[in-house]
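Data block below; observations after.
The values are calculated or read from the model by the stated rules, or taken from the named source; none is laboratory data. Just so you know, these numbers come straight off a predicted model, no measurement behind them. Counting neighbours? That spans all protein chains shown, and the Cβs are built from the backbone with ideal geometry, glycine included. What goes into the accessible areas is simple: the full protein's heavy atoms, side chains included, and nothing from ligands, DNA or RNA. Shrake-Rupley method; radii C 1.70, N 1.55, O 1.52, S 1.80 Å.
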Amino acid sequence: PLALGLYTVNAVYGDTITMPCRLEVPDGLMFGKWKYEMPNGSPVFIAFRSSTKKNVQYDDVPDYKDRLSLSENYTLSIKNARISDEKRFVCMLVTEDDVSEEPTIVRVFKQPSQPEILHQADFLETEKLQMLGECVARDSYPEGNVTWYKNGRVLQPVEEAVVINLQKTVDKSTGLFTMTSSLQYMPTKEDANAKFSCIVTYYGPSGQKTIQSEPVVFDVHYPTEKVTIQVLSQSSTIKEGDNITLKCSGNGNPPPQEFLFYIPGEAEGVRSSDTYIMTDVRRNATGEYKCSLTDKSMMDSTTITVHYLDLQLTPSGEVTKQIGEALPVSCTISSSRNATVFWIKDNTRMQTSPSFSSLQYQDAGNYICATTLQEVEGLQKRKTLKLIVEGKPQIKMTKKTNTNKMSKTIVCHVEGFPKPAVQWTVTGSGSIINKAKETKYVNGRFSSKIVIAPEENVTLTCIAENQLERTVTSLNVSAISIPEYDEPEERNDDNSEKVNDQAKLIVGIVVGLLLAALVAGVVYWLYVKKSKTASKHVDKDLGNIEENKKLEENNHKSET
């Protein structure tokens, strides 16, 4: 045993040990020697230096061969310090009369390697005590101690939960210690991200020190305690035609890979991975969806609503009706939520829904009944009605003397669909007038106008014809010299006419026919008498020579 209170030299393993001789050199010194003591107390001399001859001799000691150096002041140095150098060394100074001795204790220290956690578990399971790993610190002197930590806190032994076993081994050739500490641990779910480490505590020349291992995180396995079902969708709402992906997940580690999905209308669950996909869903897919583990334990549910929107337009497509007829129109919807309905006619939104008790030409057009669910993105429907209003040609003729008193304007107001073709003729002669001007055809109406300056009375005929019927109306026009009651030409904004109703037109035609019958005799007598002259003047005005000849032949036959 090392005596207390003696001079001690602390050395680091592998470094040089320097031991000064702590004796005063006496007069008459003959030589100095160093020895060390065996455990049984017997001395082993290792170095000698003569004070007179100044020569140095080293004893043949295998452990110190080529490692010793003795200076002139008798300081002994030992290279490459070993654990076996930890002894009691004695410096001896010898004179003729006395031998002086001064012991020195040598202590050697070796820092261990950084501890490592070896034989780590692949994963940890909750509620199961298992080997987590071994903390190994090698080549230490003196021996050190190992402590386990979790998240920076010391792990204390707990029966059947934390079991620590420390083993220390010595390398006989070097005398260095290796410390191995095994840890058996029963983890909990909260240890999923815990950091485990170990620290070795050792002694060095300057006192106690520590070295820490790198932290290790283990994969902690724990059973599923809760199942969750989710609807994966890009939109917050689902409509008919969408695809639905159901995802089922468990909070265990590792998470479950298979589940049972329960679909509305199906008695048994459908075994699938963690996702279940439905494509092009219909409204009957609305309902409660569930999923569970394959052993039917732990279930979760969610409700899915598949929104729909139906629109029925009656009638629809292309519909052809006659003017004055009634046409009931209905646009009905069926939807999963309240929907808004609006009408569009010829790209213009209507304020009210269309209603046709007596169809007019202006009612014709392209109608769209549209509806949308504002809460459901992309869910909208529309249907189209192309309404065609047909009518036989209707004619009303007007005349007026122009302000210059040199001509008269005769207008044939025509309505009907398809658009009638208009032709002007001179009654009696059958002459065709080709210089008429037409207004724009709007809402089934337009006007054909001619300007004449008759020298004698004349009867003009307006003929309007479409695919439905041919309508003929005549008008007597006095000579330019005879004043007539001017009749204002009907006007219409944007070149269109506004007729109050069809009844007025019919009444006008009937009245005109009655007046024509009352004066038929007078007109006919005047016409026969003056037809030759009148025809010449009218034909001259219209530039039609051939028609004039035919009129003269007809007059001659009439006189006969």
Fill in: Counting DSSP beta bridges with both ends in the range 309-389, the antiparallel % (nearest 5)
80
Practice prompt. For helix 502-518, report the angle its Cα long axis makes with the longest principal axis of the Cα atoms of the chain; keep it between 0 and 90° and round to the nearest 10°.
Written response: 10
Fill in: Length released on extending from VAL158 to THR305, taking residue separation times 0.36 nm less the Cα-Cα span
47.5 nm
Item to complete: Work out, step by step, the length gained on full extension between THR224 and ASP27: first 0.36 nm times the residue separation, then minus their alpha carbon distance; give nm to one decimal.
Response: 61.9 nm
Response to the item:
Checking rank on 127-136, 401-410, with mean other Cβ inside 10 Å and highest first, the result is 127-136, 401-410
Worksheet item: TYR64: net charge of surrounding residues, Cβ under 12 Å, Lys/Arg +1, Asp/Glu -1, itself excluded?
Response: +1
Practice prompt. Give, in whole angstrom and from largest to smallest, the semi-axes √(5λ) of the equivalent ellipsoid of the range 309-389, with λ running over the eigenvalues of the Cα gyration tensor.
Written response: 26, 11, 10
Worksheet item: What is the dipole size for the chain, taken about its Cα centre, with +1 at each Lys and Arg Cβ and -1 at each Asp and Glu Cβ, in debye to the nearest 20?
Response: 3020
Item to complete: May I ask for the angle, rounded to the nearest 10°, between helix 520-542 and the longest principal axis of the chain, with both axes built from Cα atoms and the value confined to 0 to 90°?
Response: 60
Item to complete: Could you grab the relative contact order for the chain? Cα pairs under 8 Å, six or more apart, rounded to a whole percent.
Response: 7
Worksheet item: Excluding ASN55 itself, what net charge comes from residues whose Cβ is under 15 Å from its Cβ, given Lys and Arg +1 and Asp and Glu -1?
Response: +2
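Any idea what the dipole of the range 309-389 comes to, in debye rounded to 20, about its Cα centre with Lys/Arg Cβ at +1 and Asp/Glu Cβ at -1? The partial results should precede the final answer.
Values: 8 positive and 7 negative charges, 7 e Å.
It comes to approximately 40 debye.
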Item to complete: Go through 161-167, 237-243, 24-30, 454-460 and give me the packing order, highest mean Cβ count within 10 Å leading.
Response: 454-460, 237-243, 161-167, 24-30
Discussion item. Just to verify a number: what accessible area does HIS119 come out at with the full protein assembly present, 1.4 Å probe, Å² rounded to tens?
Written reply: 140
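What whole-number value in Å² describes the accessible area per residue of the range 309-389 for a 1.4 Å probe?
Value returned for the range 309-389: 57 Å² of accessible area per residue.
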Worksheet item: Summing +1 for each Lys or Arg and -1 for each Asp or Glu, what net charge is found among the other residues whose Cβ lies under 15 Å from the Cβ of THR180?
Response: -3
Worksheet item: For the Cα atoms of the chain, what angle does the longest principal axis make with the long axis of helix 545-559, in degrees from 0 to 90, nearest 10?
Response: 40
Worksheet item: Can you list the residues, at least 5 places off or on another chain, whose amide H is less than 5 Å from the amide H of GLY204, using H built in the peptide plane?
Response: LYS209
Response to the item:
Expressed in Å to one decimal, the Kirkwood Rh of the chain from all distinct alpha-carbon pairs is 37.8
Worksheet entry | Length-normalised contact order for the range 348-456 - Cα pairs under 8 Å, 6+ apart - percent | 21
Item to complete: Name the residues whose placed amide hydrogens come within less than 5 Å of the amide hydrogen of ASN402, ignoring near sequence neighbours (fewer than 5 apart) on the same chain.
Response: SER407, LYS408, THR409
Worksheet item: With respect to the cross-link table entries LYS87/LYS172; LYS392/LYS435; LYS408/LYS437; LYS128/LYS189; LYS396/LYS437, which display a Cα-Cα separation exceeding 19 Å?
Response: LYS392/LYS435
Response to the item:
Percent antiparallel among DSSP beta bridges confined to the chain, rounded to 5, stands at 90
Worksheet item: At 222 nm, what helix-only mean residue ellipticity would the chain give, in deg cm²/dmol to the nearest 500, using -39500 (n - 2.57) for each DSSP H run of four or more?
Response: -3500 deg cm²/dmol
